[in-house]
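The values are calculated or read from the model by the stated rules, or taken from the named source; none is laboratory data. Owing to the predicted nature of the structure, the values given are computational and were not obtained by experimental measurement. For neighbour counting, all protein chains shown are included, and Cβ atoms are generated from backbone atoms with ideal geometry for every residue, glycine included. Surface accessibility is based on the protein's heavy atoms, side chains included, excluding ligands, DNA and RNA. Shrake-Rupley method; radii C 1.70, N 1.55, O 1.52, S 1.80 Å.
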Amino acid sequence: MALIVQKYGGTSMGSIDRIKNVAKRIKRWHDHGHQVIVVVSAMSGETNRLIDLANQISSTPDPREYDQMVSTGEQVSISLLSMAIQELGIGARSFTGGQVAIRTDNKHTKARIESIDSENIQAQLNAGNVVVVAGFQGVDAEGNITTLGRGGSDTTGVALAAALDADECQIYTDVDGVYTTDPRVTAKARKLDKITFEEMLEMASLGSKVLQIRAVEFAGKYQVPLRVLSSFDEGQDGSFDEEFAKMLAH
Ligand code: ADP
Ligand code: ASP
Ligand code: MG
């Protein structure tokens, strides 16, 4: 049995059908006897929609209120995905960042994760449930909701993998891996089998959004094995890695 953290980005969660497909992939890992923690982003376009609403009120919205609102997209995603998993006959529980005590500093809109209380998550996993956690958000020492900067769900995923000593953190997105450059911009981009944390850090610092830079920093610091995978491969069930799942089962 392995402990896997899977993170699904906005496009992967972009419609009810896609959410159902995500649930099916999670079921396959669960059926192989693995414990699964899932981190999700808001449905694609939702975070931009919320930011636009704030900007219609103020060009400089109060950062606390901004975080309070912009974090809501992920709360919708966690509940919908948990329902979809439950429909497949598997126990699932959703949690906001605050509910699993992802404690951050108080730097609204770009907060840093300081600690995670893994007790609640571990209890749910031990009970056989899939744990679904809202990405991109935490809570400061005063209980204010904070957000981790655009693309911050990657960092939530890696931080949870580090805190729970997961066997792997899988980042599911709309491309099937890390390329030499953005494959949507450069047709000649080549998929990389492996990349060091240092090289990935350089790529992220040059603006590649495939992984948020803080996620790469975290992964390097805590030596979290990280894989970028497509949530759209191979029709319904996507890039389920049968061999890898079996290997971990032994
Ligand atoms: P998600 O919503 O799943 O977090 P993002 O849009 O944040 O997805 O990140 C995935 C996107 O990153 C891809 O669609 C791709 O256009 C872009 N990207 C930029 N640089 C790279 C790279 N070197 N390798 C792969 N994807 C890249
Ligand atoms: N929903 C947030 C954003 O759009 C976080 C994320 O997608 O990682 O930036
Ligand atoms: Mg992203």
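Sequence gap at least 6, Cα distance under 8 Å: using those rules, report the relative contact order of the stretch 85-170 to the nearest whole percent.
It comes to 30 percent, rounded to a whole number.
How far apart, in nanometres, would the label points at Gln99 and Thr181 be if each is projected 7 angstrom from Cα along the Cα-to-Cβ direction?
Output for this residue pair reads 4.4 nm.
On the first, second and third principal axes, largest extent first, how far apart are the outermost C-alpha atoms of the stretch 8-56 in Å?
Per principal axis, max minus min of the Cα coordinates gives 48, 19, 10 Å.
So how far apart, in nm, are the two label points at Val76 and Arg227 if each is 7 Å from Cα heading toward Cβ?
It is 3.1 nm.
Summarise the accessible area of the chain (1.4 Å probe, protein heavy atoms) by the percent that is carbon and sulfur.
Working: 5880 of 12070 Å².
After summing per-atom areas, the C and S share lands at 49 percent.
Taking one equal scatterer on every alpha-carbon of the chain, how large is log10 of I(q)/I(0) by Debye at q = 0.11, 0.12, 0.18 1/Å?
-0.54, -0.65, -1.51
Can you give the FRET efficiency to the nearest 0.05 for Arg150 and Met1, using r as the Cβ-Cβ distance and R₀ = 25 Å? Kindly include the intermediate steps, with their values, before the conclusion.
Numbers: r = 35 Å, r/R0 = 1.39.
According to the calculation, E is roughly 0.10.
As an exercise, use a Förster radius of 35 Å and the Cβ-Cβ distance of Met83 and Glu142 to find the FRET efficiency, rounded to the nearest 0.05.
On the way: r = 32 Å, r/R0 = 0.91.
Efficiency, rounded to the nearest 0.05: 0.65.
Among rounded, prolate and oblate, which fits the stretch 121-176 when a ≥ b ≥ c are the square roots of the eigenvalues of its C-alpha gyration tensor, a/c under 1.5 means rounded, and a/b larger than b/c means prolate? Spell out each step's value before the answer.
Values: a/c = 2.04, a/b = 1.09, b/c = 1.87.
In terms of gyration-tensor shape, oblate.
Modelling each spin label as a point 7 Å along the Cα-to-Cβ direction, I'd like the Ser208/Ser59 distance in nm, to one decimal.
Taking the simple label geometry, Ser208 and Ser59 are separated by 3.6 nm.
Above 26 Å lies some portion of the pair distances; for the stretch 1-122, what is it as a whole percent of all C-alpha pairs? Intermediate values should be presented prior to the final figure.
On the way: 2012 of 7381 pairs.
The proportion of pairs with Cα distances above 26 Å equals 27 percent.
Per residue, how many Å² of accessible area does the chain show with a 1.4 Å probe?
On the way: 12070 Å² over 250 residues.
Per residue, the chain has an accessible area of 48 Å².
Mean residue ellipticity at 222 nm from the helices of the chain, using -39,500 (n - 2.57) per DSSP H segment of n ≥ 4 over the full residue count, to the nearest 500 deg cm²/dmol? List each step's numbers first, then the result.
Details: 9 runs with 98 residues, N = 250.
The helix-only estimate for the chain comes to -12000 deg cm²/dmol at 222 nm.
Scan the chain and report its longest stretch carrying no GluC sites (Glu not before Pro) that are both in a DSSP loop and have at most 11 other Cβ atoms within 10 Å.
That gives 1-141 as the longest site-free run.
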